[in-house]
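The values are calculated or read from the model by the stated rules, or taken from the named source; none is laboratory data. Because the structure is predicted, anything quoted here is derived from the model rather than measured. Note: ideal-geometry Cβ built from the backbone for every residue, glycine included; neighbour counts use all protein chains shown.
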């Protein structure tokens, strides 16, 4: 029998500061930026794009870190593992997590690579297009994974974005093994269809044997199984892992739990400003509910509520009192 968990969720992912600016489709086309997705860039490209994009808002980001911040904002107990440099952006990133009560003490990078940053361009339709320089974040290694931090959490949450660097991949595998040996669960987000295309076979294997809770949006799950329709993808993932939470934007989400299928409506935001972080905050609400004894349908409704909050403003993390919002919703 597992020892009582002192944390609800420990997240592992890219430690990144987001720089968000509004633009139009013509700018994306002129600079060959893939709309609605995430493209990895180097330091020179990051400097060049930063110089030509419009006025930006700086805010701590990173997919798994956003999810962990959301869990903490809802009142959950959370920890994070991710690499920053001892520079200004690294200090901002660490402060923002710790200010929420998140346990974060990963040793800073000893290389010259700066803290990662994601340049996010938001078009009038609220779609976000991301150009990401991972910087120090991609230097995560197995030795950065604290076994005690993993074993102390009910769920370890991983982001597909960090599957590229070999050292980070080894860190993820180490964390999965520790979590399962401690009788805990592992959750993972596929993160982006481009990630899926690069690692389809590996992600399929993870979904079938290493992941207990899978998060994916409609495009990602269809790419994972090269399905022509969402229903085909749903059938392909069915039975592969204990829980699959599949989001469909304004169509809501579908939760597969054993033999059960739950279709949950989206929560309409008060305004649709920016989709950055919506999937991350859905995962936050879902995992918060799951670690607080809610049934899977209620977990999905909490996820939809959290996602709707972040859609209504620029930036990937909540700006409202999430505890009050949750209480008001009756969930």
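Summary of values
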item	result
Selected residue (criterion: nearest to the chain's Cα centre (by Cα)) from residues of the range 159-173 that are crowded, with 22+ Cβ neighbours inside 10 Å and under 29 Å from residue 3 (Cβ atoms)	159
The range 37-48 - residue that is crowded, with 18+ Cβ neighbours inside 10 Å and modelled with pLDDT of 90 or more and, of those, farthest from residue 290 (Cα to Cα)	46
Scope the range 133-158; condition part of a helix (DSSP H, G or I), surrounded by fewer than 24 Cβ atoms within 10 Å (Cβ to Cβ) and under 17 Å from the mean Cα position of the chain (by Cα); matching residues	138
Checking residue 305 against (1) at pLDDT below 95; (2) surrounded by fewer than 24 Cβ atoms within 10 Å (Cβ to Cβ), the condition it does not meet	(1)
Residue pairs meeting the criteria (Cβ under 8 Å; at least 6 apart or on separate chains; first under 20 Å from residue 73 (Cβ atoms), in the range 91-115; second surrounded by fewer than 19 Cβ atoms within 10 Å (Cβ to Cβ))	92/58; 104/98
Failed condition for residue 316, given (1) closer than 19 Å to residue 245 by Cβ; (2) assigned to a helix (DSSP H, G or I)	(2)
Selection count where residues are under 28 Å from residue 289 (Cβ atoms) and in contact (Cβ under 8 Å) with a residue 60 or more places away in the chain, scope the range 161-177	5
Residues located in the range 20-37, provided they are under 30 Å from residue 72 (Cβ atoms) and in contact with a helix residue (DSSP H, G or I) (Cβ under 7 Å, 6 or more places away or on another chain)	37
Residue 90 assigned to a loop (DSSP other than H, G, I, E, B) and either touching a strand residue (DSSP E or B) at 6+ places or on another chain (Cβ under 9 Å) or closer than 14 Å to residue 276 by Cα (or both)	no
Some residue of the range 169-179 being outside any helix (DSSP H, G or I), modelled with pLDDT of 95 or more, touching a helix residue (DSSP H, G or I) at 6+ places or on another chain (Cβ under 7 Å) and over 30 Å from residue 271 (Cβ atoms)	no
Some residue of the range 64-73 being assigned to a loop (DSSP other than H, G, I, E, B) and either in contact (Cβ under 8 Å) with a residue 12 or more places away in the chain or under 18 Å from residue 133 (Cβ atoms) (or both)	no
Filter result (surrounded by fewer than 21 Cβ atoms within 10 Å (Cβ to Cβ) and touching a strand residue (DSSP E or B) at 6+ places or on another chain (Cβ under 6 Å)) within the range 65-87	77, 87
Cβ pairs under 7 Å, 6+ apart, first in the range 311-331 and on the phi < 0 side of the Ramachandran plot and at pLDDT below 90, second surrounded by fewer than 20 Cβ atoms within 10 Å (Cβ to Cβ) and part of a loop (DSSP other than H, G, I, E, B)	314/273
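Matching residues to (1) within 26 Å of residue 62 (Cα to Cα); (2) surrounded by 14 or more Cβ atoms within 10 Å (Cβ to Cβ); (3) over 16 Å from the mean Cα position of the chain (by Cα):
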residue	(1), (2), (3)
230	no, yes, yes
254	yes, yes, yes
280	yes, yes, no
318	yes, yes, no
